[in-house]
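The next block holds one structure in the form of structure tokens; read it before the comments.
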Amino acid sequence: MTAVDVRERLIGSWRLLSYDTDEAGGRRGRPYGDAIGRLSYDAAGNMAGQVMRPNRARVEIGDGGAQQVRAAYLGYIAYFGTYDVADDGRSVVHFVEGSLNPEWVGGTQRRALRFDGERLILSVDVQKNDAVVTHSLTWERC
């Protein structure tokens, strides 16, 4: 599949089905539990993504302690920007313009991508201490 074909297939809104991690030794995890999320790509090259741990504790403005605010922040991923599909069609790069995590602003988020039937699977390897953890997010079209 060419980059143009992949880009055409990406366009639209996607609903998160699962967010899983795989570590060396076969350990699997679900860092956000039964995570919920949305991902969108448009034909003009814009994208936005959000993933959330469900049932996060409420934090009332002015009442939230540092731990409550930290827990709410760590239970949510959100960013937007533009995107481009690699020439081989096997990855997508998100050029981050705005993010809940200020460290990501102005940077890139590269995700390996593949389609499994009508599902989109995005994954990334993340260095954690001395090991690599693979994060895989499976999406279905809304």
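The values are calculated or read from the model by the stated rules, or taken from the named source; none is laboratory data. These numbers were taken from a predicted model, which means no experiment stands behind them. Virtual Cβ from ideal backbone geometry, glycine too; neighbours counted across all protein chains shown. What goes into the accessible areas is simple: the full protein's heavy atoms, side chains included, and nothing from ligands, DNA or RNA. Shrake-Rupley method; radii C 1.70, N 1.55, O 1.52, S 1.80 Å.
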Would you mind putting 88-96, 102-110 in packing order, based on average other-beta-carbon counts within 10 Å, highest first? 88-96, 102-110
Per the rule of 0.36 nm per residue minus the C-alpha distance, extending PHE95 to ALA57 adds in nm 10.6 nm
So, relative contact order of the chain in percent, Cα under 8 Å, 6 or more apart, is 25 percent
So what is the calculated 222 nm ellipticity per residue for the chain, using -39500 (n - 2.57) for each DSSP H run with n of 4 or more, over all residues, to the nearest 500 deg cm²/dmol? -3500 deg cm²/dmol
Scalar couplings 3J(HN,Hα) for segment 25-32 by Karplus 6.51 cos²θ - 1.76 cosθ + 1.60 (θ = phi - 60°), nearest whole Hz, x for Gly and Pro, are x, x, 6, 10, x, 9, x, 10
Where Rh is the Kirkwood radius over Cα pairs, Rg/Rh for the chain: 0.98
Put a dot 7 Å past each Cα toward the Cβ at THR108 and LEU17; how far apart are the dots in nm? 2.9 nm
Candidate cut points under GluC sites (Glu not before Pro) in segment 1-90, DSSP loop plus at most 13 other Cβ atoms within 10 Å of their own Cβ, are GLU23, GLU60
Measuring with a 1.4 Å probe in the full set of protein chains, what accessible area per residue, in whole Å², belongs to the chain? 62 Å²
Calculate log10 I(q)/I(0) of segment 1-66 for q = 0.12, 0.27, 0.28 Å⁻¹, where I(q) comes from the Debye formula with a single equal point scatterer on each Cα and nothing for solvent. -0.54, -1.07, -1.10
Accessible-area composition of the chain, carbon plus sulfur, in percent [1.4 Å probe]: 49 percent
At 0.36 nm per residue, minus the direct Cα-Cα distance, what do ALA78 and GLU140 gain on full extension? Give it in nm, one decimal, please. 20.5 nm
